[in-house]
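Enquirer: Sending over a structure as structure tokens; questions will come in a sec.
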Amino acid sequence: MDKIVECVPNFSEGRRKEVVEEIANAMVSAGVKVLDCQMDADHNRSVITLAGEPSAVEEGAFRGIKTAARLIDLGTHRGEHPRIGATDVVPFVPVRGVTMDDCVAIARRVGERVARELDIPVYLYERAATRPERRDLAYIRRGEYEVLKKEIATKPDREPDFGPKRVGKAGATVIGARP
């Protein structure tokens, strides 16, 4: 492969192996390689590392987000790790033959698509951030799902970059590009 992008999505599920496997399988179906999958029951979180050609990684990330939205309910989710979404954060990382700007463009396309097709609010962070304060993931996650659910429609600084000013059972998703 001449061009390689890595993606390290974090999902708010670390106890049900079958759910994490279904999410990983959805991503693999786009033609990416899963390099690692870590589940943490205490944090109730999984981190799946995938890599491949930029278009495959872009599609794989979307399929993972879509599958997680169907299988994970933030209204019943409990864990030690701060979270705002079933798919909590999706960073794209340039590896070979792609630039940070390429990864920012991927993040924005995926964010727009997630909002449009899945009706999930999306916040852009790190290098893809549209506001300086949103470069910081902790700033976006403050108060977690429970507070965001109350503030997204009433506080201008909580408005998403894409999508509705309300959260459903899948919560919101943070997408970006980072080194």
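Enquirer: Counting only residues that are in a helix (DSSP H, G or I), open to solvent by less than 20 Å² (accessible area, probe 1.4 Å) and among the aliphatic types (A, V, I, L, M), how many does the stretch 123-161 have?
Expert: 2
Enquirer: Here is a follow-up. When you scan the stretch 1-39, how many residues do you find that are polar (S, T, N, Q) and in a loop (DSSP other than H, G, I, E, B)?
Expert: 2
Enquirer: Then there's this: Quick one: what pairs do we get from the stretch 47-70, first residue more than 24 Å from residue 169 (Cβ to Cβ), second among the hydrophobic types (A, V, I, L, M, F, W, C) and assigned to a helix (DSSP H, G or I), C-beta under 7 Å, 6+ apart or different chains?
Expert: Within 7 Å, the pairs are 50/27; 50/57; 51/57; 54/106; 58/106; 58/110.
Enquirer: Are any residues in the stretch 77-97 surrounded by fewer than 22 Cβ atoms within 10 Å (Cβ to Cβ) and either at pLDDT below 95 or not in a strand (DSSP E or B) (or both), and if so, which ones?
Expert: Those that are surrounded by fewer than 22 Cβ atoms within 10 Å (Cβ to Cβ) and either at pLDDT below 95 or not in a strand (DSSP E or B) (or both): 77, 78, 79, 80, 81, 82, 97.
Enquirer: Return yes when residue 137 is more than 24 Å from residue 75 (Cβ to Cβ), under 13 Å from the mean Cα position of the chain (by Cα) and touching a residue at least 24 places away in the same chain (Cβ under 8 Å) and no when it is not.
Expert: Values: more than 24 Å from residue 75 (Cβ to Cβ): no; under 13 Å from the mean Cα position of the chain (by Cα): yes; touching a residue at least 24 places away in the same chain (Cβ under 8 Å): yes.
Answer is no for this residue.
Enquirer: Residue pairs, Cβ under 9 Å, 6 or more apart or interchain, first in the stretch 107-133 and on the phi > 0 side of the Ramachandran plot, second of a type in the set (Asp, Glu). List them.
Expert: Cβ pairs passing all conditions: 126/136.
Enquirer: Next question, about the same structure. Does the stretch 28-44 hold any residues that are surrounded by 23 or more Cβ atoms within 10 Å (Cβ to Cβ) and in contact with a Phe, Trp or Tyr (Cβ under 9 Å, 6 or more places away or on another chain), and which are they?
Expert: none
Enquirer: Those residues that are within 21 Å of residue 117 (Cα to Cα) and either open to solvent by 40 Å² or more (accessible area, probe 1.4 Å) or without any contact (Cβ under 8 Å) to a residue 12 or more places away in the chain (or both), I need them from the stretch 169-179; list them, please.
Expert: 169
Enquirer: Another question about this same structure. Given the structure, is residue 74 touching a residue at least 24 places away in the same chain (Cβ under 8 Å) and either in a helix (DSSP H, G or I) or under 15 Å from residue 93 (Cβ atoms) (or both)?
Expert: The answer is no for residue 74.
The values are calculated or read from the model by the stated rules, or taken from the named source; none is laboratory data. Predicted, not measured: the structure shown is a model, and the values here were computed from it. So basically every Cβ, Gly included, is an ideal-geometry build from the backbone, and we count neighbours across all protein chains shown. Just so you know, the surface numbers come from the protein's heavy atoms only, side chains and all, with ligands and any DNA or RNA stripped out. Shrake-Rupley method; radii C 1.70, N 1.55, O 1.52, S 1.80 Å.
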